[in-house]
Structures are given as C-alpha cells and as structure tokens.
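Asker: Quick one: this structure, given as structure tokens, is what I'll be asking you about.
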Amino acid sequence: MTVTAKGEGSGAVLEVEDLNVEFPTEDGIVRAVRGAGYRLERGESLGIVGESGSGKSVTALAVMGLLPATARVRGSVRFDGGELLGLSDARLSEVRGSGIAMIFQDPMTSLNPVYTVGYQIAETLRRHHPGLKARAARDRAVDLLGRVGIPGPERRVDTYPHELSGGMRQRVVIAIAMANDPEVIIADEPTTALDVTVQAQILDALEAARAETGAALVLITHDLGVVAGHTDRVAVMYAGRIVETGSVGDIFYTPRMPYTLGLLGSMPRLDREEERLIPISGSPPSLLNLPPGCPFAPRCPLRREVCDRVEPPLRPSDHAHHLSACHFAGELVDARAEDLFAVAGADSELLARFADTAPGSDTEEDSA
C-alpha cells in the first residue's frame, strides 16, 4: 500500500513523540492523550483505530495545531525534521494544506455554505500560491474535481455544498486536501455516516489522491475493516494511549493485546459463515482522574492483581516493530476473541488456564 513519495530520499516525514494533551475542566484535568507516539515514513499509510474517546482525533488535531487555546500540549511533533509544537498560528498556516492536509469527519463543517466548491478549492490554491491567476486556479479546481471522481466537474465547480450529496461533498474535501500536493494527509473518519458503496468510493478517491500527490497517510477510524485494505501499519488506541502497533498482518493475525482481540471479534467477517459477533463488555474509562493500573483491566477477562497496580508499557511482542501494552502478551499466542470474551456455550482453555493461576502469584511484570 506504500506509494511513491514526492520528497527526495526516504525517512520519516512525520514523527510524534511522547505526545500529551490535557484539558482543564471544573472537575479536574482530562488527560485526552497520554504519551502517544508514532513515526510515519514518506509514502507510508498508518491506520489509527479505537473506540470513540480513545484520543485518535485529539492526536490529529494536536499535530495540526488546531486544539483550543486552553489545551495543554507537551511532547514533540516533527514534520520534515522541524518541530511544530510551539509555532505561531501564522507559521503553522504555512504548513497546513501544503505540508500536512486534513480531511475532517463531516464535510459540511469543512465547507463554507455560502461559497461554491470551485471557489473554495481555488482559495486553497491561491493561499499557498499567491501569484496564481484566478482562471488558472479555477481550471485546477475543475481538474481536481475530476480526479476525485466527481462527474461533470466543469458544471459541478459552480455548485454550492448543499447541492451535493454527502459522498460528493467528501470528494470535494479530498480535492481540497490534495490541491497543494501535501506530503502528509490526515483523514479523520472520512467515511462516517456514508453507506457501504459510497464508503468504498471515498476510500478509492483517497487512494487516488495519494497516488497523485505521493503523500503519506494517517487514516483515523473505528472500523478495522477499513484499515485492512488501505494501510501498511496499524496503531490501536485506548484511553488516550497507543496500546498496540504493528503491521496489518501483526494486528489481524497475531494480536497481543486483549483490547485488539476484542475489536477484531466485534468486526463482521465475510469469510466465515454464521459467525456471531463478540462484543466487549463495559465502556471505555473516563479520562478524568484515571485510576492506576491498566485502563482496560475492568473490561478484560484476563484481569489479574498486577493489572490493577501497574499500567503495562508499550514494548516489543513478536519482533521489534510489533509492540503491545499487556502484562500477559505472551499468553495470547494463537488466542481468538472467543477465547477471551464471553460467548454462550464457549469452552475457553485460555480463560481456564488463567482461572487456575493463583491471583496472588508473582509475575515478571510485578517487578517491572
């Protein structure tokens, strides 16, 4: 899925390290992102998945410098080797659009209802190319609309957002994102609220945008099925931090975090007949005054005493590039979702093995 990058050479185009985002509230501090980090190579695609409230979108907004002024942001965000955190809005505006472009979840919040879609694409072009003539900008807008699959772009360029369907509006947003040939495209739930057919078309348009620009991609979604066919690597987020990361094969075939197994079990599969979906019981924790230990412990069938005391670090599982945050990652070899989560009539040897282990027994992680 990696595409040819437009930049010279290889290496990281975007590096996020130890990113922390906090929001002060009347009830206390909400730790929305806790030590998140990833490295995005040129032309690479990274999927970030997790339930609502896991910190996926906040991480992206922190990268773009679009968080409210009350947010407390610490860590490092480097684009092409230059630090973005701490830059003025004017400096960040030079990066947004031309260096890093973002596709938001709802296109109606991204498009101005009082301007035609062609004007808005042209505005993006002329913002970064002040010398571009109006006619040339319009011609480029028509070309971009055609490239993202909008029929009759010469006519559609003069339409207003409300005159287009949701899928067509999202294509316009993709056209705006690719207008200035960015090096990174961040797509935040770009197919939410779209039916399956339109979702596939939007993902195809996004791939066309990457092929056109050579951009690396960060695809944020709650749908593991989306990342399976459109990303090279996956990062799973829970309670504000990354709890597992690896290649698509690592995550889908050798998961080493119970939460990842739960997400896979709740995903419909077309290759298995009459398979029941396996839900994860409970809800994600509040990020206000998180208790010690593993945040997933209250929902985890493998919960042990050490899980309530020590939050497991993100560390290598099968190899150096497959990391997971679970005290018992080694016990999850060949495990399936039905082995962990309650399924009527299921006989889980894995759960039985853990049930037979004394709760107070020492583990290697106790001393970690």
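The values are calculated or read from the model by the stated rules, or taken from the named source; none is laboratory data. Keep in mind the model is a prediction, meaning the values are calculated, not measured. All Cβ positions, even for glycine, are placed from backbone atoms using ideal geometry, and neighbour counts span all protein chains on display.
Asker: Pairs please, first residue from the range 16-34 and small (Gly, Ala, Ser), second anywhere and part of a strand (DSSP E or B), Cβ atoms under 8 Å, 6+ apart in sequence or on different chains.
Answerer: Gly28/Leu288; Ala32/Val21; Ala32/Glu22; Ala32/Phe23
Asker: Could you tell me whether the range 258-281 includes any residue that is in contact (Cβ under 8 Å) with a residue 12 or more places away in the chain, touching a Cys at 6+ places or on another chain (Cβ under 8 Å) and either closer than 20 Å to Glu338 by Cα or surrounded by fewer than 24 Cβ atoms within 10 Å (Cβ to Cβ) (or both)?
Answerer: For the range 258-281, residues in contact (Cβ under 8 Å) with a residue 12 or more places away in the chain, touching a Cys at 6+ places or on another chain (Cβ under 8 Å) and either closer than 20 Å to Glu338 by Cα or surrounded by fewer than 24 Cβ atoms within 10 Å (Cβ to Cβ) (or both): present.
Asker: Additional query: Do the conditions hold for Leu84, that is, is it touching a Lys or Arg at 6+ places or on another chain (Cβ under 8 Å) and within 30 Å of Gly28 (Cα to Cα)?
Answerer: So Leu84 fits the description; yes.
Asker: Considering only the range 143-168, how many residues are buried (at least 19 other Cβ atoms within 10 Å of the Cβ) and not in a loop (DSSP other than H, G, I, E, B)?
Answerer: 7
Asker: When you check Val33 against the structure, is it of a type in the set (Val, Ile, Thr), over 30 Å from Leu261 (Cβ atoms) and crowded, with 16+ Cβ neighbours inside 10 Å, yes or no?
Answerer: no
Results for (1) of a type in the set (Lys, Arg); (2) outside the structural domain of Arg42 (by TED's automatic domain parsing); (3) at pLDDT 95 or above; (4) closer than 23 Å to Ile202 by Cα, shown as yes or no for each residue.
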{"site": "Ala90", "(1), (2), (3), (4)": "no, no, no, no"}
{"site": "Ser110", "(1), (2), (3), (4)": "no, no, no, yes"}
{"site": "Val114", "(1), (2), (3), (4)": "no, no, yes, no"}
{"site": "His128", "(1), (2), (3), (4)": "no, no, no, no"}
{"site": "Thr159", "(1), (2), (3), (4)": "no, no, yes, yes"}
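Asker: Within the range 107-136, can you find the residues that are closer than 18 Å to Pro161 by Cβ, surrounded by 16 or more Cβ atoms within 10 Å (Cβ to Cβ) and not aliphatic (A, V, I, L, M)?
Answerer: If the condition is that a residue be closer than 18 Å to Pro161 by Cβ, surrounded by 16 or more Cβ atoms within 10 Å (Cβ to Cβ) and not aliphatic (A, V, I, L, M), then Pro107, Ser110, Thr116, Gly118, Tyr119, Gln120, Thr124 are the ones that fit.
Asker: Identify the residue in the range 275-325 that is part of a loop (DSSP other than H, G, I, E, B) and of a type in the set (Lys, Arg) and, among all such residues, is nearest to Pro255 (Cα to Cα).
Answerer: Restricting to residues being part of a loop (DSSP other than H, G, I, E, B) and of a type in the set (Lys, Arg), the top hit is Arg303.
Asker: Still on this model: So, restricting to helices (runs of 4 or more DSSP H) that lie completely within the range 34-141, which ones have at least 1 residues that are in contact with a helix residue (DSSP H, G or I) (Cβ under 6 Å, 6 or more places away or on another chain)?
Answerer: Correct list: 107-110, 117-128.
Asker: Would you mind finding the one in Val33, Val49, Val58, Val13 that is over 24 Å from Thr191 (Cα atoms) and either modelled with pLDDT of 95 or more or assigned by TED's automatic domain parsing to the domain that holds Arg315 (or both)?
Answerer: Result of the check over Val33, Val49, Val58, Val13: Val13.
Asker: Given the residues Ile202, Ile176, which is the only one that is assigned to a helix (DSSP H, G or I), more than 12 Å from the chain's Cα centre (by Cα) and at pLDDT below 90?
Answerer: Ile202
Asker: Leu219 passes all but one of (1) in contact with a Pro (Cβ under 9 Å, 6 or more places away or on another chain); (2) part of a helix (DSSP H, G or I); (3) within 16 Å of Gly50 (Cβ to Cβ); (4) among the aliphatic types (A, V, I, L, M); which number fails?
Answerer: Among (1) in contact with a Pro (Cβ under 9 Å, 6 or more places away or on another chain); (2) part of a helix (DSSP H, G or I); (3) within 16 Å of Gly50 (Cβ to Cβ); (4) among the aliphatic types (A, V, I, L, M), the lone unmet condition for Leu219 is (2).
Asker: When you look at Ile150, is it modelled with pLDDT under 95 and within 22 Å of Pro190 (Cβ to Cβ), yes or no?
Answerer: Spelling it out, Ile150 is indeed modelled with pLDDT under 95 and within 22 Å of Pro190 (Cβ to Cβ).
Asker: Would you call Gly55 at positive phi and crowded, with 19+ Cβ neighbours inside 10 Å?
Answerer: It is true that Gly55 is at positive phi and crowded, with 19+ Cβ neighbours inside 10 Å.
Asker: Is it true that some residue in the range 211-218 is surrounded by 19 or more Cβ atoms within 10 Å (Cβ to Cβ) and closer than 30 Å to Arg135 by Cβ?
Answerer: Yes, the conditions are met somewhere in the range 211-218.
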